[in-house]
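K.L.:
Here it is: the structure, laid out below.
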């Protein structure tokens, strides 16, 4: 919306009936205003009148990096770090079948959320696949040198074809 106090009052006027009709309380102090091409003094005045904080681009919303440019590989490092932390804490005491379930449910679901919005860089997909392979074949030991029991391309084929049915996140 335009950086206009009148429009901001109308927005606040729309949120109040929504709050009353749903029973949900709108917490303006947890809201953030992101000004684009607006002078700093005008933006801070608008944020103060709305009762929210003033933010800037880029920012993270629901775990998604949002900005005016295409996300870089470094913007997806939280995803890679999350996969690494999950690998260390989940797959140490599991059987092979349990590790297959963790690979399918956790390590495939983490990047899928981001992939619904962004096309991930090949390096990010490669790193996530590395953690998925480690989870499936080696457990939580990242430094283990145990060879895989099957080629990853075969592991990603459907169960109908006699394979493990792990989703291929590259495709």
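Readers should treat all values here as calculations from the given coordinates under stated rules, not as data from a laboratory. These figures come from a predicted structure and were not determined experimentally. A quick note on method: Cβ atoms are made from the backbone with ideal geometry, for glycine too, and the neighbour counts reach across all protein chains shown.
K.L.:
Could you give the nm distance between label points at residue 133 and residue 41, where each point is 7 Å from its Cα heading toward the beta carbon?
P.N.:
According to this spin-label approximation, the distance is 5.9 nm.
K.L.:
Ranking 131, 29 by Cβ neighbours within 10 Å, fewest first, what do you get?
P.N.:
Fewest-to-most Cβ neighbours within 10 Å comes out as 29, 131.
K.L.:
Further question: Going by alpha carbons, how many degrees (0 to 90, nearest 10) lie between the helix axis of 40-50 and the longest principal axis of the chain?
P.N.:
Approximately 90 degrees, to the nearest ten.
K.L.:
Another question, if that's okay. Have a look at 46, 77, 94 and tell me which one the Gaussian network model of the chain (Cα, springs below 10 Å) gives the largest fluctuation.
P.N.:
In the Gaussian network model the winner is 46.
K.L.:
Suppose the Debye formula is applied to equal point scatterers at every Cα of the chain; what is log10 I(q)/I(0) at q = 0.16 Å⁻¹?
P.N.:
-0.93
K.L.:
Here's another thing I want to ask about it. Taking the chain as the reference, fit the longest principal axis to its C-alpha atoms, fit the long axis of helix 5-22 to the helix C-alpha atoms, and give the angle between the two in degrees, 0 to 90, nearest 10.
P.N.:
It works out to around 60 degrees.
K.L.:
Most exposed first by the Cβ proxy, i.e. fewest other Cβ within 10 Å, how do 122, 160 rank? Before the final figure, lay out each step's value.
P.N.:
Values: 122 10, 160 7.
Exposure proxy ranking, most exposed first: 160, 122.
K.L.:
Which of these, 57, 88, 20, has the largest mean-square fluctuation under a Gaussian network model of the chain (Cα springs below 10 Å)?
P.N.:
20
K.L.:
Next question, about the same structure. Which log10 I(q)/I(0) values does segment 73-161 give at q = 0.22 Å⁻¹ under the Debye formula, counting every alpha carbon as one identical point scatterer?
P.N.:
Results for segment 73-161 at q = 0.22 Å⁻¹ read -1.14.
K.L.:
Take the Cα atoms of segment 5-56, find their three principal axes, and give me the spread along each one in whole Å, biggest first.
P.N.:
The Cα atoms of segment 5-56 stretch 36, 21, 15 Å along the principal axes, largest first.
K.L.:
Could you give the angle, 0 to 90 degrees to the nearest 10, between helix 122-137's Cα long axis and the longest principal axis of the Cα atoms of the chain?
P.N.:
50
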